[in-house]
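Reading through the structure tokens given below for one structure.
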Amino acid sequence: MDDPSVTPITAPKLDDAGHLTYLGNDGQFYQVLDRLEIDQDASERVSEALQATGPLLEQIEALCHAWISRVAEGAMDRDEAVAMLLSTLESVLHADDEKSGGHGPLR
């Protein structure tokens, strides 16, 4: 992927053109699944599913911040802790996907 990573600061929502979008921390709007053609109904289903996970995502985010704070206290700096967390999550999710025989989004 050539595009730099952008942190979303809003929940995904449908824009006037029916695209699922979010506002990034750089002030720009981005399309979710911009390389995937989906119809209006599918866009709405994805948007509703993502919005329904908002409270869970907030809990995950809080746990991640707590983990990073604990690890970064003395063992490593914050950027190293974030990199380790993301790498660990990707590895665990990939391993879970392999165990279930799926071809999940991390491939």
Qualifying residue in region 25-45 (condition: among the small types (Gly, Ala, Ser), modelled with pLDDT of 80 or more and surrounded by 13 or more Cβ atoms within 10 Å (Cβ to Cβ)): no
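Mind checking which residues of region 64-100 are among the hydrophobic types (A, V, I, L, M, F, W, C) and over 25 Å from Tyr30 (Cβ atoms)? Even if it seems obvious, please write down each step before you answer.
Filtering region 64-100 for residues among the hydrophobic types (A, V, I, L, M, F, W, C) gives 64, 66-68, 71-72, 75-76, 81-86, 89, 92-93, 95.
Correct list: Ala66, Trp67, Val71, Ala72, Ala75, Met76, Ala81, Met84, Val92, Ala95.
The values are calculated or read from the model by the stated rules, or taken from the named source; none is laboratory data. From a predicted model like this one, the values you see are computed outputs, not experimental measurements. Cβ: placed from backbone, ideal geometry, glycine included. Neighbour counts: every protein chain shown.
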